[in-house]
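Q: Structure in structure tokens, see below.
The values are calculated or read from the model by the stated rules, or taken from the named source; none is laboratory data. As the structure is a computational prediction, the values presented were derived from the model and not from experiment. Here the Cβ positions follow ideal geometry from the backbone for every residue, glycine too, while neighbour counts run over all protein chains shown. SASA here: full protein model, heavy atoms, side chains in, ligands and nucleic acids out. Shrake-Rupley method; radii C 1.70, N 1.55, O 1.52, S 1.80 Å.
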Number of protein chains: 2
Amino acid sequence: MQITLLGTGNAAGMPLYGCDCNYCVQASAVRSLQRTPCSALLEVDNKRYLLDAGQMNLAERFPAGSLDGTFITHFHPDHVQGLFHLRWGKSLSLPVYTPPDTQGCADLYKHPGILVFQQLRKFSEITLGQLIVTPLPLIHSKPTFGYLFEFKERKIAYLTDTKGMPDTSLEQLMLNSPDIMVIDCSFVPHSDNQTHNNLDDVIDLQKQVKPGKTILTHIGHDMDIWLKKNPDALPEYIMAGHDEMELVAG
Amino acid sequence: MQITLLGTGNAAGMPLYGCDCNYCVQASAVRSLQRTPCSALLEVDNKRYLLDAGQMNLAERFPAGSLDGTFITHFHPDHVQGLFHLRWGKSLSLPVYTPPDTQGCADLYKHPGILVFQQLRKFSEITLGQLIVTPLPLIHSKPTFGYLFEFKERKIAYLTDTKGMPDTSLEQLMLNSPDIMVIDCSFVPHSDNQTHNNLDDVIDLQKQVKPGKTILTHIGHDMDIWLKKNPDALPEYIMAGHDEMELVAG
């Protein structure tokens with residue numbers, strides 16, 4: 001089971017539009033320094049699942065038939081706007097698994113096209129071949145699910161966007177400590193935000209869940225710069241994600 | 001006064017995702033055969049205005065400070081989704097002129113960031129330097145404005161998305177026959193649709209408005225193929241637009 005981080009930025013991305021700091025100026029010219037909308041690709045059992053769909057090049061990168069489904073964490077535009085293009089496709093359908101959000105985003109529900117939306121229930125597993133997926137409720141400004149993916153005793157948790165976590169989700173993760181935990185870390189330590197983790201929140205969760213590796217994603221501008229200025233600051237087993245990072249569980 | 005068509009496709013675009021017709025297969029590999037979300041750039045009086053914001057590369061193509069404003073025809077995702085990125089910019093503001101749509105798209109109104117939305121009133125001119133802009137109500141499934149741009153007796157009309165036109169808008173255009181009329185032509189002749197023009201509708205409007213040139217945009221998959229199969233079918237003074245087409249009024 002492999003996960004590739006397609007994007008590791010927050011909604012603003014890196015570089016930040018209009019920012020003339022040295023980091024943004026450099027990132028404007030160097031793809032490896034950029035952070036695009038938070039998204040990943042899970043490859044398992046000869047299937048490919050998109051985790052969120054906010055990337056701008058989905059139609060080009062994933063030709064029709066190359067995706068077996070999409071798991072949506074929540075319906076903010078930076079997590080779903082790539083669906084606006086895919087939906088008008090022809091001669092195929094794409095399962096889109098989502099939290100129970102009655103609103104969706106813009107007119108996606110009204111005009112789904114090839115998208116087959118399937119609302120999941122919290123903690124209610126679904127099975128796709130030998131892959132078992134458990135939706136874990138998170139704490140954000142829209143109904144939001146993280147997902148625990150299990151395949152042949154290997155486990156990957158994808159947990160964004162969130163501020164901390166409900167006790168019930170935390171208990172599930174403590175019982176099923178993942179090999180890899182990819183998690184929202186939008187903000188620098190000590191910063192105050194009600195809908196996204198800062199690094200303190202992540203360290204707290206990491207200590208309780210005890211995953212093999214913890215990978216930071218949804219990294220905001222200031223957090224990105226903090227990481228560059230403090231290259232040795234992350235505790236053992238915690239790493240900053242980057243766009244196109246590939247991680248193999250087991 | 002110059003207008004550059006940034007995109008000339010409908011929401012589905014060309015190639016159509018999942019379509020294996022010869023035209024789509026060719027378009028997958030050749031940029032000049034592709035049609036991206038319908039949008040244009042108006043350059044006049046040393047200013048640059050975006051006409052709709054559905055393109056995916058706005059932040060890269062238009063660095064901060066290079067745009068003086070955006071005119072939105074309506075709030076369907078393929079016409080506004082580029083704003084989702086620009087809004088989180090820093091140290092600048094971007095005027096966004098719109099029709100009076102109370103809904104907008106997704107959470108753009110709730111979280112405008114650097115976007116300064118300004119709802120216009122039908123037929124109520126606004127003046128930007130020596131540029132005079134008249135919002136013309138169109139007939140679509142959302143509140144929609146076309147725009148008549150006038151600069152030193154040169155006139156460009158940008159009219160999409162629409163099925164026909166209210167008499168009041170038509171009268172304005174007949175009184176102010178534009179040098180260039182860029183207009184929605186989504187469908188082939190005789191086709192039936194209530195929210196977009198087919199070629200018959202465009203020819204009918206062209207005969208009444210009598211613009212110098214009529215340029216087709218928002219071209220759908222079947223219309224695109226029809227144009228390729230019938231290269232001499234368009235009446236005099238009517239031309240199919242293409243992405244990156246540049247047109248000068250006067």
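Q: Within the range A:116-141, can you find the residues that are out of contact with any Pro (no Cβ under 8 Å at 6 or more places or on another chain) and among the charged types (D, E, K, R)?
A: Residue satisfying the conditions is A:Glu125 alone.
Q: List pairs: first residue in the range A:144-155 and more than 9 Å from A:Ile132 (Cβ to Cβ), second residue open to solvent by 10 Å² or more (accessible area, probe 1.4 Å) and in a strand (DSSP E or B) anywhere in the structure, Cβ distance under 7 angstrom, at least six positions apart or on different chains.
A: Listed pairs, sorted by first residue: A:Phe145/A:Pro137.
Q: So, one more: May I ask you to list the residues in the range A:90-106 that are part of a strand (DSSP E or B) and more than 30 Å from B:Cys21 (Cα to Cα)? I'd like the intermediate steps shown before the answer.
A: Going through the range A:90-106, the residues part of a strand (DSSP E or B) turn out to be A:94-98.
Across the range A:90-106, the qualifying residue is only A:Thr98.
Q: Just wondering, is there one or more residues in the range A:190-201 that are modelled with pLDDT of 95 or more and within 21 Å of A:Gln2 (Cα to Cα)?
A: no
Q: Next question. For the range A:174-192, state whether one or more residues are at positive phi and open to solvent by less than 50 Å² (accessible area, probe 1.4 Å). Steps first, please.
A: We begin by selecting, within the range A:174-192, every residue at positive phi; these are A:190.
Those still in the list that are open to solvent by less than 50 Å² (accessible area, probe 1.4 Å) too: none.
Among the residues of the range A:174-192, not one is at positive phi and open to solvent by less than 50 Å² (accessible area, probe 1.4 Å), which makes the answer no.
Q: Give the residues of the range A:17-60 that are within 12 Å of the chain's Cα centre (by Cα) and open to solvent by 30 Å² or more (accessible area, probe 1.4 Å), sorted by residue number.
A: A:Thr36
Q: Can I ask one more? How many of the residues in the range B:107-137 are open to solvent by 20 Å² or more (accessible area, probe 1.4 Å), within 26 Å of B:Lys152 (Cβ to Cβ) and part of a loop (DSSP other than H, G, I, E, B)?
A: Here the count works out to 7.
Q: Moving on to the next point. Residues of the range B:196-250 being under 23 Å from B:Thr144 (Cβ atoms), polar (S, T, N, Q) and exposed (fewer than 15 other Cβ atoms within 10 Å of the Cβ), which ones?
A: Matches in the range B:196-250: B:Gln208 only.
Q: Take A:Ala59 and tell me if it is part of a loop (DSSP other than H, G, I, E, B) and touching a residue at least 12 places away in the same chain (Cβ under 8 Å). Walk me through how you get there before you give the answer.
A: Values: part of a loop (DSSP other than H, G, I, E, B): no; touching a residue at least 12 places away in the same chain (Cβ under 8 Å): yes.
When the stated conditions are applied, A:Ala59 does not pass them.
Q: Return the residue satisfying two criteria in turn: it lies in the range B:107-127 and is among the charged types (D, E, K, R) and over 30 Å from A:Val25 (Cβ atoms), and of such residues it is nearest to the other protein chains (Cβ to nearest Cβ). Write out each step before concluding.
A: Just the residues of the range B:107-127 that are among the charged types (D, E, K, R), to begin with: B:107, B:110, B:121-122, B:125.
From what is left, the residues that are over 30 Å from A:Val25 (Cβ atoms) are B:110, B:121-122, B:125.
Details: B:Lys110: 10, B:Arg121: 25, B:Lys122: 23, B:Glu125: 30 Å.
Of everything passing the filter in the range B:107-127, B:Lys110 is nearest to the other protein chains (Cβ to nearest Cβ).
Q: Continuing with this model, one more query. Hey, A:Asn10 hits all of (1) within 17 Å of A:Ile215 (Cα to Cα); (2) open to solvent by less than 20 Å² (accessible area, probe 1.4 Å) but one; which does it fall short on?
A: (2)
Q: Also: Taking the range B:42-56, which residues are modelled with pLDDT of 95 or more and either within 27 Å of B:Ser186 (Cα to Cα) or within 14 Å of chain A (Cβ to nearest Cβ) (or both)?
A: Across the range B:42-56, the qualifying residues are B:Leu42, B:Glu43, B:Arg48, B:Tyr49, B:Leu50, B:Leu51, B:Asp52, B:Ala53, B:Gly54, B:Gln55.
Q: Would you check which residues across the range B:164-175 are assigned to a loop (DSSP other than H, G, I, E, B) and free of Cβ contacts under 8 Å to residues at least 40 places away in the same chain and list them? Don't jump to the end; show me each part of the working.
A: Of the range B:164-175, the ones assigned to a loop (DSSP other than H, G, I, E, B) are B:164-166.
Passing the criteria: only B:Pro166.
Q: Among the residues of the range A:138-163, count how many are open to solvent by 20 Å² or more (accessible area, probe 1.4 Å), in a loop (DSSP other than H, G, I, E, B) and either at positive phi or acidic (Asp, Glu) (or both).
A: Residues flagged as open to solvent by 20 Å² or more (accessible area, probe 1.4 Å), in a loop (DSSP other than H, G, I, E, B) and either at positive phi or acidic (Asp, Glu) (or both) within the range A:138-163 amount to 2.
Q: If you don't mind, another one. Please go through the range B:15-39 and pick out each residue that is assigned to a loop (DSSP other than H, G, I, E, B), within 12 Å of another protein chain (Cβ to nearest Cβ) and in contact with a helix residue (DSSP H, G or I) (Cβ under 8 Å, 6 or more places away or on another chain).
A: Taking the range B:15-39 first, the residues assigned to a loop (DSSP other than H, G, I, E, B) are B:15-21, B:30, B:34, B:36, B:38.
From what is left, the residues that are within 12 Å of another protein chain (Cβ to nearest Cβ) are B:15-21, B:34, B:36.
Correct list: B:Pro15, B:Leu16, B:Tyr17, B:Cys19, B:Cys21, B:Gln34.
Q: Here's something else I'd like to know. Of everything in the range B:61-106 that's more than 14 Å from chain A (Cβ to nearest Cβ) and over 27 Å from A:Leu108 (Cβ atoms), which residue is least open to solvent (accessible area, probe 1.4 Å)?
A: Once the filter is applied, the top-ranked residue is B:Gly69.
Q: Another one. Just the residues that are farther than 30 Å from A:Gln55 by Cα and of a type in the set (A, V, I, L, M), please, taken from the range B:40-56. Before the answer, list the steps.
A: Of all residues in the range B:40-56, those farther than 30 Å from A:Gln55 by Cα come to B:44-47.
Selection gives B:Val44 alone.
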